[in-house]
Amino acid sequence: MGSGAVMSSVLVRTDQDSGVAVVTLNRPGRLNAVDLAMADELASAWQELRFDDSVRAIVLTGAGERAFCTGIDRDAVVPQPNSPYAQDDPLLGIGPKANDLWKPVVAAVQGMACGGAFYLLGEAEFVVADTTASFFDPHTTYGMVSAYESVLMAQRMPYGEVARMALMGTAERISARRAYEVGLVSELVAEGGAPAAATACATVLAGYPAEAVQGTVRALWAASEAGRAQGFAQAPHLIALGNAAGERQARLFAGRSRQYRLR
């Protein structure tokens, strides 16, 4: 890559020749879990790319071989207002669409993608994965409501597949092959090949007239916007009603089974 910027937990590399930027979640030691600093850095990265006319397409991936992203870091302390009518979710602002970026984003997944990772995958145009990829939503196992994640994935997968993933929690993981079969993944490649395959797609997109590409991205997003907005409007209330107390969540997390079925 030609030029780049380095943040503590997000890497952004741009190639002036191809017009492609690669955004890398860079906390491999924490399975690329999102803490509050990373959330802020992701929002800043999307804002910078929004104004960089040399970038016309983006690849989003995770550092290391074990995980694309495992959602919010469980050690992150998220201050909450003392009101049952207000709830702050730092992950709502980590995606490109949340930051008004309409350049196409291709996600490259290897290893685990779970929980809050779907905030990012749900705002990518499509997903390329290698054979090591697996997808699951642990919320119910830990006494939590899967709300925003389920709404976003309902735009990408058949209802039954989203329901099974959200309800089965950590007992099951969707294999890369199954994710490809149900449409969550658009291309399945050999181990280690996801970033290159995603970059090849992004390079094609960057070579087309930017206005036409971005207009198409916006049109596609608009097609599902009403349902997503309605689902998001319900999410805070469902989470407030259904989430277990923090202490119980911690006990459930500590006592979780390490066994799971890969399907």
Practice task
Confirm whether residue 115 is within 13 Å of the chain's Cα centre (by Cα), at positive phi, crowded, with 20+ Cβ neighbours inside 10 Å and not aromatic (Phe, Trp, Tyr).
Solution key: yes
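Yes/no matrix, rows are residues, columns are (1) farther than 30 Å from residue 209 by Cβ; (2) within 20 Å of the chain's Cα centre (by Cα); (3) open to solvent by 10 Å² or more (accessible area, probe 1.4 Å):
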{"residue": "8", "(1), (2), (3)": "yes, yes, yes"}
{"residue": "16", "(1), (2), (3)": "no, no, yes"}
{"residue": "30", "(1), (2), (3)": "yes, yes, yes"}
{"residue": "34", "(1), (2), (3)": "yes, yes, no"}
{"residue": "37", "(1), (2), (3)": "yes, yes, yes"}
{"residue": "48", "(1), (2), (3)": "no, yes, yes"}
{"residue": "58", "(1), (2), (3)": "no, yes, no"}
{"residue": "81", "(1), (2), (3)": "yes, no, yes"}
Exercise for the section: Collect the residues in segment 146-159 that are touching a helix residue (DSSP H, G or I) at 6+ places or on another chain (Cβ under 9 Å) and either of a type in the set (A, V, I, L, M, F, W, C) or surrounded by fewer than 20 Cβ atoms within 10 Å (Cβ to Cβ) (or both), keeping them in residue-number order. Expected result: 147, 151, 152, 153, 154, 155, 157, 158
Exercise for the section: Tell me which residues, restricted to segment 238-263, are of a type in the set (Lys, Arg), in contact (Cβ under 8 Å) with a residue 60 or more places away in the chain and in a helix (DSSP H, G or I). Expected result: 248
Practice task
Only one of these is touching a strand residue (DSSP E or B) at 6+ places or on another chain (Cβ under 8 Å), closer than 24 Å to residue 141 by Cα and open to solvent by less than 50 Å² (accessible area, probe 1.4 Å): 231, 193, 169, 242. Name it.
Solution key: 169
Problem - Some residue of segment 99-107 being of a type in the set (A, V, I, L, M, F, W, C), more than 18 Å from the chain's Cα centre (by Cα), surrounded by 22 or more Cβ atoms within 10 Å (Cβ to Cβ) and at pLDDT 95 or above - result: no
Exercise for the section: Kindly check whether there is at least one residue in segment 177-188 that is of a type in the set (Ser, Thr, Tyr) and closer than 19 Å to residue 114 by Cβ. Expected result: yes
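The values are calculated or read from the model by the stated rules, or taken from the named source; none is laboratory data. What you are looking at is a predicted structure, and each value in this text was computed from that prediction instead of being measured. Note that each Cβ is placed from the backbone with ideal geometry, even for glycine, and that neighbours are counted across all protein chains shown. For accessibility, only protein heavy atoms count, side chains too; no ligands or nucleic acids. Shrake-Rupley method; radii C 1.70, N 1.55, O 1.52, S 1.80 Å.
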